[in-house]
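The values are calculated or read from the model by the stated rules, or taken from the named source; none is laboratory data. Since this is a predicted model, take the numbers as computed values, not measurements. Glycine also receives a Cβ, built like all others from the backbone with ideal geometry; neighbour counts cover every protein chain displayed. We work out accessible area using only protein heavy atoms, side chains counted, and drop any ligands, DNA or RNA first. Shrake-Rupley method; radii C 1.70, N 1.55, O 1.52, S 1.80 Å.
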Amino acid sequence: FRGYCSRRLRRLRKTLNFKMGNRHKFTGKKVTEEILSDNRYLLLILMDAERAWSYAMQLKQEANTEPRKRFHLLSRLRKAVKHAEELERLCESNRVDAKTKLEAQAYMAYLTGMLRFEHQEWKAAMEAFNKCKTIYEKLANAFTEEQAVLYNQRVEEISPNIRYCAYNIGDQSAMNELMQMRLRSGGTEGLLAEKLEALITQTRAKQAATMSEVEWRGRTVPVKIDKVRIFLLGLADNEAAIAQAENEETKERLFESLLSECRDAIQAVREELKPDQKQREHSLENDSGKVSNIQYLHSYLTYIKLSTAIKRNESMAKSLQKALLQQQRSDEDGKRSPRPQDLIRLYDIILQNLVELTQLPGLEEDKNFQKEIGLKTLVYKAYRCFFIAQSYVLVKKWSEALVLYERVLKYAREVQSGAGAHRNSLKELPDVQDLITQVNAEKYSLQAAAILDANDPHEAESPSQVKDGKPLSERFETFCLDPSLVSKQVSLVHFPPGFQPIPCKPLFFDLALNHVAFPPLEDKVEQKAKSGLTGYIKGIFGFKS
């Protein structure tokens, strides 16, 4: 955005012929009331302010790792306020309409509030933000609904800053309003985000100073780690935020935030366990037979993490079930639609988390806990079998689907018979009675679909064409209505063609060679032996044989 503002300024100066000298010499010019013949002169001042503001926001991100850049950030904000003051002064001219004057005043108040906010001058910042909010509210009431949407959006962006300033001044009720804003949005954005998170952590840290122990499943455990105290204090608020979330996206973001905080707390406990390696390996105490307090606290935090992961996956499964039901009703094409296989994967993860819960140190002898986890496992196994059966129905495997539906009913009846005193712990789980009703209805639909599929005339007429898959060139004598002939994957011939036998090249064998009698060659061999140097010498001296 900063680069865009610079390019826009260059284009405006070139169009208005309002250049600051040439490439060799700088000549400063100022926009005055006398030259306000074109509204683009006001845009020059506005783009200067926006460029300075965008540079300040860029430096704010970089200041997280380089604190020295905070001084440059404040300098850019002061520059933006200076340009905003000049813009407000120019808009006081008679050539400017009332709407523009009010918008310039609101813009000036907003930038002033941001500068005071960074200086931590809470009272001055709140006055500036309140002035900006009041102007935008009046503008929203004075114009059409389309324009009012923009002004109301600006009011919503400013409100968290006002609440934050009020809290720092001393208004404790503002903290509750900030928390509600954070819960509704799943996390604030912009200038306030980091400061609000730091404020929440600071407030919880003050409350954590008075927290010394926690009770879980009848055992009280001392909590000495500050990070764990802060997490446990904020656990109820985070769970309430998830329950009050307005949409699935916000709920998913809050789940991830809670799991991240829980992992940090577990890591802090693990670091405390490392020095006492001997105690971690032999966690059972000789006198009482119980695990140590720090190990039990680790089990408690792990229980919170796994339970939160189960709730998150269950929430995702519910949203997928709704999407799957809507798809069955509408049968719309387009983007990838959910399938029963997606739900099977989620329930597999839930069952794995339940297995990990049963293995937590310190809970092996807790029969009530093991019974509760066993019942929850049966519930999720029932739902997993149900969606496996649904996936088999889609591929017309009727017998497999029917067997799985019977397995679902078996799990559901086991849950109903074994619930008894554990009904309170099963309230948050899906109702198995609804599942039984749905399975009974699906069984009747499945049986009807299987009968219709067995008596389908189209499949009875030409079953061989479905199984053989012969191309058109091999079934000219057989007439049938083949819809694949007008599709993009038509089967006309086998390609590439198959290999065929051909006569090989003849081979000749000389069988007569073994029966041929050759003439004697002894005389020729002797004559050849006499020739040479010895025979030549004998011929000279008259020797004869």
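Rolling a 1.4 angstrom probe over the protein heavy atoms with all chains in place gives segment 8-71 an accessible area of 71 Å² per residue. What the Cβ-Cβ distance of Leu485 and Asn440 gives, at R0 = 56 Å and to the nearest 0.05, is a FRET efficiency of 0.80. Highest mean packing first, where packing is the average number of other Cβ atoms within 10 Å per residue, the peptides 371-377, 216-222 line up as 371-377, 216-222.
Roll a 1.4 angstrom probe over the protein heavy atoms and tell me the percent of accessible area of segment 1-83 that is carbon or sulfur.
Within segment 1-83, the accessible surface is 49 percent carbon and sulfur.
Most tightly packed first, judged by the mean number of other beta-carbon atoms within 10 Å of their residues, the peptides 487-496, 139-148 read 139-148, 487-496. Each peptide in 237-250, 115-128 gets a packing score, the mean of other Cβ atoms within 10 Å over its residues, and the list from highest to lowest is 115-128, 237-250. With all protein chains kept in place, the per residue accessible area of segment 471-525 amounts to 108 square angstrom at a probe of 1.4 angstrom. Checked against a 32 Å cut-off, the cross-linked pairs Lys318/Lys396; Lys133/Lys311; Lys99/Lys251; Lys101/Lys123; Lys14/Lys82 give Cα-Cα distances beyond that limit for Lys133/Lys311; Lys99/Lys251. Each Cα pair of segment 7-156 feeds into the Kirkwood radius, which the Stokes-Einstein equation turns, at 20 °C and 1.002 mPa s, into a diffusion coefficient of 127 µm²/s.
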